[in-house]
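Everything on this sheet refers to the single structure shown next.
No lab work stands behind these numbers, since they all come straight from the coordinates. Keep in mind that this is a model prediction, so the values were computed, not measured. Note that each Cβ is placed from the backbone with ideal geometry, even for glycine, and that neighbours are counted across all protein chains shown.
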Amino acid sequence: MSAKDIQFLRITYLRGPNIWTYRSVMEALIDIGELEDFPSNLLPGFNDRLKSWLPQMIEHYCTPGVYGGFFQRLDTGTWAGHILEHVSLELQTRAGMSMGFGKARDAGPRGVYKVVIRTDHETVGRTSLEMARELILAAIHDTPYDVPAAIAELTDLVDNLYVGPSTASIVEAAYERRIPTIRLNAGNLVQLGYGSNQRRIWTAETDSTSAIAEGISKDKDLTKNLLAMCGVPVPEGQVVDSPAAAWTAAQEIGLPVCVKPSDGNRSRGVSLDLSTQADVESAYAIALEQGSEVIVERFVLGSEHRLLVIGDRMVAASQGENASVTGDGQHSVGELVELQINVDPRRGRDGNVPLELVKLRDGSPEMLELARQGLSKDSVPENGRKVLVKRTGNMTTDVTDVVHPDVAALAVLAARTVGLDIAGVDVVTPDIRQPLGAQGVIVEVNAGPSLLMHLNPAQGQARPVGQAIAEHLIPVQETGRIPVVGIMGDGDTTRSAKLIAWLLNLKGLYTGLACADGLFVNQRCLQVDKAMDFEQAERLLVNRSVQAAVFESDARHLLAEGLPYDRCQVGVVTRMPKASGLEDLYVGSDEKMPDYVRTQIDVVLAHGTAVLNAADDQVADLAQYCDGDVIFYADDEHHPRLVAHLASGSRVAFWRDGQLVLSKGQRESLVLSSKRPAVARLLQDDKLGTTDILVAACVAWALDIGTDLIRAGVKSFDQNTSH
């Protein structure tokens, strides 16, 4: 390793809850070598160069807990691992993936650290760490580093790999309500909830968006006909098949007219306010390029509006404006478009920004608009002349609070008529504050509407449309969860996990099980190898048939991948694992293991339960980290922790003369006797142990499974052929 270098020993993506946080992180094991003797204040010029390259890091509070805290740490002296953490997070933030969590901790050997950063995508997180290393080394050695180019490259990665902002708004709203989410593909297909209680979104489409409704919405002529049948005001129009037919239809409808594709989107190919044969015939060719058919409609004078309907209510509305430039006598129209319109940061080439770039392409509606004003893209308008460039697709101003209730009701009716649960309803009217009456019309109903105009309006209030969609899919009083049991120990939990799954199955729940013996669904084995690996175990939560799930895990899987679920209803720890065998993960001594294993209890829901072995002090001490209830168990009913827990009014379980007892306060339930032939045979044949039965009974108790079913489940366990 060269002098003053940072070496990556390993970079690990922890996808699920882990020893650092509840959300996904990158954990980099690094060796800073000689830099262990050179904190930042001993590196000549380093701090000044780093601050000049990334001045926005003044906002990093860091340990002092104040604005500029990280820069204070630089000035007083901090080490390369800590700097790597902050620079990586800053690069992600500059690239559009703002993540606030990071840690840098000594890993044991001199100069070796674990650097942890929050990230929502493995490739983005890994790249930000690698870029941060190169930037820091350049600042140390006073060599050039192109920070803007690095940020641009990382921004492209975020744009290509991360979910779009519309989807992200729904995911974040779900997270705020502790609704679990799973990204199902490289795009915007995301699952909200688990198993049989899940819902799915694809940006602003849901698993309730029917193919029939989407097909209707794409056929604008059919949509108008259906709306008209239901009394919704729509513009008169005709489908035409030639430029000549378009002009004939325009004359029959009455000038001026609008010409547009019957199945286009995002206002592409739409030409408005046409009154001459040449304009109508030119507009026909433009529209045909964007769709399979062309519609000629009556032109309605008024402003363009987009009303977002979710379920049975309108939740947001945006008003459009024309896009124009003002001549200066020096620049051409094309140059003015770049200088005055496309410079707007809310315009871009993809769906991550609310407005599209204006492109003056031959045969486009924009070029037709210019021609009607006697101009081309190369014309140089005189100083002060206003040139209209684009009439449609410029939704800029939030008007949600002023939409007339009758207009909102018609928008809901339009969405319902088409059959969409989420719809963007396009309304043209001079005044959205008044009923449509004879002054306005509904021109389109769109499936999968963009949310960006409502999340980031140029003027007015941003609307929580992601939250509205999350609430539409999963009502406020629900979470989309199924019963999840997580169990961890020191290699002693497989039989317990299988018995728990068996009890849930007998309760009538279609149950998934991921354990050391394999991956099971409804007692059927799907695979044998690597069933506890994150991706394999997560399959249970994606399965729409699964009504309950049991996950066995161990310290290695926790440290190397994280847990495959975000929270659990019941978390079990039977014995504290040892550090032996985990040296490659730099876990340290046995004394540090409780700091890691506590994760299993940290993820227990507030209305859930931790099941802990009272006879293992390190395990019993984990009770302090549980947000929910705690059940202690032990073989000896006189164990001090058990006695104290019972005296506090809490639940305990134990064996008394071969009898399994569940006790709370003065009430005891005798579950079963280990001396009964069926149970004794299981114990004798080593198919179950007394601890397995005790643990499973506690979990069943936490899940409101009655003692009769517990007793029957234990006795019939041997009859389950999958075991």
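What the table below lists for this structure:
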{"quantity": "Check: the stretch 347-466 dipole with +1 on Lys, Arg Cβ and -1 on Asp, Glu Cβ, in debye", "calculated": "300"}
{"quantity": "Angle between the chain longest axis and helix 494-506 axis [Cα atoms, degrees, rounded to 10]", "calculated": "60"}
{"quantity": "ALA678-ARG177 FRET efficiency (beta carbon distance; Förster radius 56 Å; 0.05 resolution)", "calculated": "0.80"}
{"quantity": "Spacing of the two label points (7 Å from each Cα toward its C-beta) at ARG556 and ASP595, in nm", "calculated": "2.3"}
{"quantity": "Reachable lysines, given that their alpha-carbon falls under 28 Å from the alpha-carbon of LYS260 and they are not under 8 places away in the same chain", "calculated": "LYS218, LYS220, LYS224, LYS359, LYS377, LYS386, LYS390"}
{"quantity": "Kirkwood Rh in Å, taken over all unlike Cα pairs in the stretch 332-475", "calculated": "17.6"}
{"quantity": "Peptide ranges 233-239, 3-9, 188-194, 419-425 listed from the most packed, as the mean C-beta count within 10 angstrom indicates", "calculated": "419-425, 188-194, 233-239, 3-9"}
{"quantity": "Inter-centroid distance (Cα atoms) of the stretch 302-374 relative to the stretch 563-608, Å", "calculated": "54"}
{"quantity": "FRET E, pair LEU357, GLN719, Förster distance 51 Å, beta-carbon r, rounded to 0.05", "calculated": "0.15"}
{"quantity": "For the stretch 662-688 and the stretch 629-643, distance of Cα centres in Å", "calculated": "16"}
{"quantity": "Inter-probe distance in nm under a simple model that places probes 7 Å from Cα toward Cβ, at THR276 and GLU122", "calculated": "6.1"}
{"quantity": "Local net charge near GLU637, Cβ-Cβ under 14 Å (Lys/Arg +1, Asp/Glu -1)", "calculated": "0"}
{"quantity": "Length released on extending from ASP584 to ARG385, taking residue separation times 0.36 nm less the Cα-Cα span", "calculated": "64.5 nm"}
{"quantity": "Extension gain from GLN461 to GLN659, taking 0.36 nm per residue of separation minus the Cα-Cα distance", "calculated": "64.8 nm"}
{"quantity": "Signed unit charges on C-beta, dipole axis of the stretch 399-555, positive-most listed residue ALA537, ASN505, GLY489", "calculated": "ASN505"}
{"quantity": "The chain: translational diffusion in µm²/s, Stokes-Einstein, Kirkwood Rh over Cα pairs, 25 °C, 0.890 mPa s", "calculated": "83"}
{"quantity": "Computed lengthening from THR63 to ALA438, 0.36 nm per intervening residue step minus Cα-Cα distance", "calculated": "128.6 nm"}
{"quantity": "Relative contact order (%) - the stretch 327-397, alpha-carbon pairs under 8 angstrom, separation at least six", "calculated": "43"}
{"quantity": "Cα-centre dipole for the chain with unit charges at Cβ (Lys and Arg positive, Asp and Glu negative), debye to 20", "calculated": "1680"}
{"quantity": "Cleavage-rule hits (trypsin sites (Lys or Arg not before Pro)) in the stretch 94-163: DSSP loop, at most 11 neighbouring Cβ within 10 angstrom", "calculated": "ARG110"}
{"quantity": "Peptides 568-574, 386-392 ordered by average Cβ neighbours within 10 Å, highest first", "calculated": "568-574, 386-392"}
{"quantity": "Average Cα contact separation per residue, the stretch 236-299, under 8 Å, 6 or more apart, as relative contact order %", "calculated": "48"}
{"quantity": "Cα-derived Rg to Rh of the stretch 323-390, Kirkwood definition", "calculated": "0.97"}
{"quantity": "Sum of side-chain charges, HIS305 neighbourhood, beta-carbon under 12 Å (Lys, Arg +1; Asp, Glu -1)", "calculated": "-4"}
{"quantity": "Residue among ILE601, GLY588, ALA555 farthest towards the positive dipole end of the stretch 554-609, charges placed on Cβ", "calculated": "ILE601"}
{"quantity": "Ranked packing of 453-463, 428-438, most packed first, by mean Cβ within 10 Å", "calculated": "453-463, 428-438"}
{"quantity": "Normalised contact order of the stretch 484-719, rounded percent, pairs of Cα under 8 Å and 6 or more residues apart", "calculated": "18"}
{"quantity": "Set of lysines with alpha-carbon distance to LYS578 below 27 Å, sequence-local pairs under 8 removed", "calculated": "LYS103, LYS114, LYS498, LYS530, LYS592, LYS687"}
{"quantity": "Dipole-positive endmost among GLN330, ALA107, GLY302 within the chain (Cβ charges, Cα centre)", "calculated": "ALA107"}
{"quantity": "In degrees, nearest ten, helix 80-94 long axis to first principal axis of the chain (Cα)", "calculated": "30"}
{"quantity": "For the stretch 323-390, size of Cβ-based charge dipole, Lys and Arg +1, Asp and Glu -1, in debye", "calculated": "180"}
{"quantity": "Cβ-defined net charge surrounding ALA213, 12 Å radius [Lys, Arg +1; Asp, Glu -1]", "calculated": "-2"}
{"quantity": "Förster radius 60 Å - calculated FRET efficiency between LEU189 and LEU301 (Cβ-Cβ, nearest 0.05)", "calculated": "0.90"}
{"quantity": "Projected label distance in nm at GLN7 and ALA245, using a 7 Å step from Cα toward the beta-carbon", "calculated": "7.4"}
{"quantity": "Near-label residues of the stretch 111-144 by backbone N, under 14 Å of a point 7 Å along Cα→Cβ of LEU42", "calculated": "111"}
{"quantity": "Ascending count of other beta-carbon atoms within 10 Å, so fewest first, for PHE71, PHE101", "calculated": "PHE101, PHE71"}
